[in-house]
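Here, each number is a calculation from the coordinates, and none is a lab measurement. Predicted, not measured: the structure shown is a model, and the values here were computed from it. Here the Cβ positions follow ideal geometry from the backbone for every residue, glycine too, while neighbour counts run over all protein chains shown.
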Amino acid sequence: MMSPLSIAQYLPARHGVFDVVVFDEASQLPVWDAIGAIARGSQVIVAGDPKQLPPTNFFERADTESADPEEVEDLESVLDECLAARLPEKRLIWHYRSRDEGLIAFSNQRYYDGSLITFPSPVSGERAVRYVNVPGTYDRGGARTNISEARAVVADVVRRLTADGSAPSIGIVTFNAEQARLIENLLDKERQTSPEVEARFGASEDGPVFVKNLETVQGDERDVILFSIGYGPDANGRVYRNFGPLNLGGGARRLNVAITRARRELVVFGTLRADDITLTPTTPAGVRDFKHFLDYAERGPVALAQATDVPRAMTESPFETAVMEVLQAQGWEVRMQVGVSSFRIDLAVVHPDHPGRYLAGIECDGATYHRSATARDRDRLREAVLRDLGWKILRVWSTDWWVTMDRAATRLHDALNELLEADRQSDAGRGGGETGLAPGETGPTPQPVPEQGNGEAADEEVGARYAGVVAPLVDAPVTVVHPVYVVSDFRASGIRPAGALFYEPAYQTVVRQMAALVIATEGPVFDDVLVRRVAEAHGFGRAGAVIRQAVLGAVDRSVLRTIDSDGRTVFWPAGTTPRTVVYRRASRTDRKVADIPFEELVALARTLDLDNLFDPDALEGMRRELELERLQDPTRSRVMRAVNMARTG
């Protein structure tokens, strides 16, 4: 895995270096950046979404003092060129990221014509997308920020990080860079004044809380996304129709990226309301969609239904109607066609104790079943995904129902009662909590109707999860004692950091000593980790471009440097090379998995038992060695590449 720039720097300029070249996020890649990589392959696969962020000159302009995010120019992408050339294409329509389909419902309806197949959540009482109104003003002529919104966002981050239980991963998205910097500064102050916030800030497996604007957030995802609009009435109460990047030709694509980064929850903080935006025949598409999205965030699915004239849910076959009527006669409350995309749960039984969620979903072999393209989609993938979201799925076959209706109805009724009893016992074991089953939480699932496999996921491997296969546990590996990763201690080494002197030319000698110590102690080490260590030692909450340049410029030129698979620079201590490096065990507070150089992950994979290394469950062994509860992207992809590298030598 390499960036186009790394390919140009490190690979020979000849055709046929690779059998296949694969581009990911190709909608963001300018044509001229892709040419060099294409020329080195015999075949090319271009993967991307034409409805997401196009390439821009944002980063080129960011280095100039006159750079203005509202004057960013969109460029043509290699994906656009491939589509225009009518190359063979394949569309991927199954959507997995969102744990609640309300997170993707707006984009699915607005940008994908409802073609994405999404899966409903078993919890119906809470909205995954919601709007929080924040009284305030937008400083249009000055700082171009909304201080009230920024404070509200930071307060919500602090609340989530300090709440009992594990903290969710959090991302903050803004429309402009100025609002992002303001929120970063306020977060830095909270981290400095609250040890509890500082301790939890990077506790998530996904890494610390990020703050990004529209131009830089594509490719990221978090459990919770907090979206700060920023724009709103000025001090005079006037709302201008200039919404920065949304007014550009690719504004709708930028909005689509921003509102689809969340896995579990999207909270929109705004002084601006949908009613504040007046549409005219000349209103840009991005602004028009933004108004409708605000309406959706404020009012929920009813806004989509009114916009698309969606009819009331109804059963799709007489068979489903018959099953529903029997269940209602037995005393169960039943909802029809639960979901907002082309895939819906045929019938959903409301939990008698928790009306905000469903006890079970009932699949009939009706219209939805027969619309699935393959038997695998019908009988395995679909059910596996639903179980992963927390659904308890029961299946009723039409032949069984019509031939022995009374017996089939009794079995279904008994199965629902078994589920209810098991759920009540589970609630009692949790102390009678009222929240019920959360999305993604699964429990014992009685199977009254014989079915192909239980489809319950038992590991974090995506292929196994969505194929409904329970992966066997790997045998206990031979114990390998790994050396311990040591964090640099400047004061123990006689170095006294002085933040007040950092920008003085004479102080560069101290910075040089600190950089050398970090590389010698923690190397191989990423450039951003090196910068972070030095910045934190000086009390800087964040390392900007000036600090980064000062630290990296202080690294001795004789130090070995390589480019990691994700494009980051790795500094190597004397006597250690990519072929001789060993894996070092570290606590999550000392070093996150994302900060382990790729060669070190390969070294860890080579310490696994050889039989396991060539087994698909080698990932499970890596997960245990890394002391992770689960493997999920991008960590999972990186670990998989390391295992494959170890396999090939």
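List every residue whose amide H lies under 5 Å from the amide H of V22, counting only residues 5 or more places away in sequence or on a different chain, with H placed 1.01 Å from N in the peptide plane.
Hits under the 5 Å cutoff: I45.
Expected output is a single nm value to one decimal: the length gained when fully extending between L560 and E196, i.e. 0.36 nm times separation in residues minus the C-alpha distance. What is it?
Length gained between L560 and E196: 127.3 nm.
State the extension gain, in nm to one decimal, for the chain segment bounded by Q513 and I35, taking 0.36 nm per residue of separation less the distance between their alpha-carbons.
Extra length from Q513 to I35 when fully extended: 167.9 nm.
How high is the relative contact order of segment 491-647, given as a whole-number percent (alpha carbon pairs under 8 Å, six or more residues apart)?
Over segment 491-647, the number comes to 19 percent.
Out of every Cα pair in segment 128-299, what percent are spaced more than 25 Å from each other?
The calculated P(r) of segment 128-299 puts 28 percent of pairs beyond 25 Å.
Based on other C-beta atoms within 10 Å, arrange I277, I93 from fewest to most.
So the ranking, lowest neighbour count to highest, is I93, I277.
Can you sort L11, L255 from fewest to most other Cβ atoms within 10 Å of each residue's own Cβ?
Neighbour counts put them in this order, fewest first: L11, L255.
Of the listed pairs K212/K291; K189/K291; K51/K291; K212/K592; K90/K592; K51/K212, which have alpha-carbon separations greater than 28 Å here?
Exceeds cut-off: K189/K291; K90/K592.
How would you rank V197, V396, going from fewest to most other Cβ atoms within 10 Å of each one's own Cβ?
Ordered from fewest to most neighbouring Cβ atoms within 10 Å, V197, V396 come out as V197, V396.
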